[in-house]
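See below for the structure under consideration.
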Amino acid sequence: MENVTAPVPARRPTTTAPPSPEAGGRRNHGLKENTLGVPSIFFYIIAAASPLTVVVALFPIIIGAGNGVGMPGAFVIAAVVLMIFAVGYVAMSRHVTNAGAFYAYVTLGLGRVAGLGSASLAIFAYNAIQAGLYGGFGYYAAELLNPALGISLPWWVYAFVGLLLCLGLGVQGVHSGARVLGVFMTLEVLMITVLSVFSLFGDAVPVSEFSFEPFNPSVVLAGALGVALMFAHASFIGFEGSAIYGEEARDPARTIPRATYLSIAFMGVLYAVSGWLIMNALGLNDVVAIATETGGNFIFVASDTIIGHNISLLFQILIVTATFAAIVTFHNNVSRYLFSLGRQHLVWKPLGWTLPRRQTPWVASIVQSLMVGVVIVAFAIAGQDPFATLFTWATGIGTIGVIASQLVAGIAIFVFFRKSDVDKRPWNTVIAPLLAIVGLSGFFILTLNSLDVLLGVQGATAVLMVSLVFLALLGGVAYGLYLRFFAPDRYELVGKALNERDLEDPAPEAV
């Protein structure tokens, strides 16, 4: 295993020379510093997890095909494991500030080849999730708007409208995106909260008869616990994106840890408490049957039962905005990984270009949009169902990729602190990383053992889909080996500039 010099904590430049207007957007003007505080990063994290999508799409699966009444306890377990993982993750963020978080961490811990492998895996996983979300967005938007407007536009039209809007926000910058996500996230969390509060005053089960049975260990550990934990973990995906915004954060050594811990705790409490209240309101003896029978309409039925007044229409509207908010966040995640690699001249150099005033990775944003656009076109031409195939398959594959990325990063974090003297706190650098590796390994194994539920397919088809995850990892590793033996000068650039803009800006040149 090769050594990559560990960086010292990133320092903010006191002054920044104004960009050359002649260069336009064809230079690396860097990402815009001091732009995001804790609330903005928190919005991006929560939007990526998309709590309303979790409540609408995953609650019925966990209840019906997972551990049943023990669903809230599964979220508690997932939150504890991820909070432990976050300990080492944010400890690492104090020593490296880079838009390609997993890539930078794995490079420092496990070497350049592994770092490029993790970058390829993360880009693939986030792209897959975003492509799947476009299927969900197109499906929900068509189901909502076509009947209301008396039209019959196909799902992919709505998907491409969403893609153009997302690209516009990506080029505008994270500050504009944070405002939009803040509104959308507030609305979806508000609706979950309203449903939870009304659960206390439902007619079916009085609050005096509410039971804490869903948190009883014997109940939580019963049934298909693996399925429950797999989807519970997937409900938090996006929290690791906090470190991606380190270069754009105000005082990242404080902002990133606070946003990370806050988001995990918030989601854990929201999922566990809302799930507990809704299930009790419907009746613990009946809720499994209701979830199994209604499937994806579970929350719509539950809301009309608990609140009444056809309130499910509001949930149908907000699931569209919630899905779009998640799309915007994953777009930003992928574009910043591409920007990080382009800035280091490891891939197509224009990916490292930013606009002079907005300092947004505009080329990377366009390329990322083209990537998912190709997937949308392919599924549209094939006439596939946007929800049953594109949403289910792509988000499922992406989930496996993100869990694998977290596991590799956890190992890299542990190794990094063994090789470095920058932090000697036992809990932060030894105990917590080891516990996180054990927990994430368990999640990964459980996920591979539950592919039929996650992807909705079995046998050779499931194996083929999962192989894409490992091919993405191996593709990055192969590229790293190629650079090592055939392009040593470029190979030496891997691991450089892991803190902000340590490389010189690429000079203007023809594409």
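Of Thr292, Thr321, all but one fail to be among the hydroxyl-bearing types (Ser, Thr, Tyr), open to solvent by less than 60 Å² (accessible area, probe 1.4 Å) and farther than 14 Å from Phe198 by Cβ; the exception is Thr321. In the range 51-131, counting only helices (runs of 4 or more DSSP H) that sit wholly within it, the ones holding 3 or more residues that are open to solvent by less than 10 Å² (accessible area, probe 1.4 Å) and under 21 Å from Tyr491 (Cβ atoms) span 101-110. Mind checking which residues of the range 386-424 are in contact (Cβ under 8 Å) with a residue 60 or more places away in the chain and assigned to a loop (DSSP other than H, G, I, E, B)? Selection gives Ser420, Val422, Asp423. If I ask for residues that are assigned to a helix (DSSP H, G or I) and of a type in the set (Phe, Trp, Tyr), which ones from the range 222-275 would you list? Scanning the range 222-275 gives Phe231, Phe239, Tyr245, Tyr261, Phe266, Tyr271. Among the residues of the range 306-315, are any of a type in the set (Ser, Thr, Tyr) and in contact with an Asp or Glu (Cβ under 6 Å, 6 or more places away or on another chain)? Yes, the range 306-315 contains at least one residue that is of a type in the set (Ser, Thr, Tyr) and in contact with an Asp or Glu (Cβ under 6 Å, 6 or more places away or on another chain). When residues in the range 201-243 are screened for being open to solvent by 60 Å² or more (accessible area, probe 1.4 Å) and touching a Leu at 6+ places or on another chain (Cβ under 7 Å), 3 of them pass. So which pairs qualify, if the first residue must be in the range 445-460 and among the charged types (D, E, K, R), the second must be open to solvent by less than 50 Å² (accessible area, probe 1.4 Å), the Cβ gap must be under 7 Å, and the two must be at least 6 apart or on different chains? Pairs that qualify, where the first residue is among the charged types (D, E, K, R) and the partner is open to solvent by less than 50 Å² (accessible area, probe 1.4 Å), are Asp452/Ala462.
Tell me, please, whether a residue that is among the β-branched types (Val, Ile, Thr) and buried (at least 22 other Cβ atoms within 10 Å of the Cβ) can be found in the range 162-171. Checking the range 162-171: not a single residue is among the β-branched types (Val, Ile, Thr) and buried (at least 22 other Cβ atoms within 10 Å of the Cβ). Taken across the range 143-161, residues that are in a helix (DSSP H, G or I), β-branched (Val, Ile, Thr) and either touching a strand residue (DSSP E or B) at 6+ places or on another chain (Cβ under 7 Å) or open to solvent by less than 30 Å² (accessible area, probe 1.4 Å) (or both) do not occur at all. Candidates Thr260, Thr193: the one that is among the polar types (S, T, N, Q), at negative phi and open to solvent by less than 20 Å² (accessible area, probe 1.4 Å) is Thr260. Looking across the range 357-370, the residues that are modelled with pLDDT under 90 and either part of a helix (DSSP H, G or I) or open to solvent by 30 Å² or more (accessible area, probe 1.4 Å) (or both) come down to Arg357, Arg358, Gln359. In this structure, is Ala302 open to solvent by less than 20 Å² (accessible area, probe 1.4 Å), under 20 Å from the mean Cα position of the chain (by Cα) and more than 30 Å from Val96 (Cα to Cα)? It is false that Ala302 is open to solvent by less than 20 Å² (accessible area, probe 1.4 Å), under 20 Å from the mean Cα position of the chain (by Cα) and more than 30 Å from Val96 (Cα to Cα). For the range 417-446, the tally of residues that are of a type in the set (Val, Ile, Thr) and open to solvent by 50 Å² or more (accessible area, probe 1.4 Å) stands at 4.
The values are calculated or read from the model by the stated rules, or taken from the named source; none is laboratory data. Treat the numbers as computed from the prediction; the structure is a model and nothing was measured. Note that each Cβ is placed from the backbone with ideal geometry, even for glycine, and that neighbours are counted across all protein chains shown. Only protein heavy atoms, including side chains, enter the accessible area calculation; ligands, DNA and RNA are left aside. Shrake-Rupley method; radii C 1.70, N 1.55, O 1.52, S 1.80 Å.
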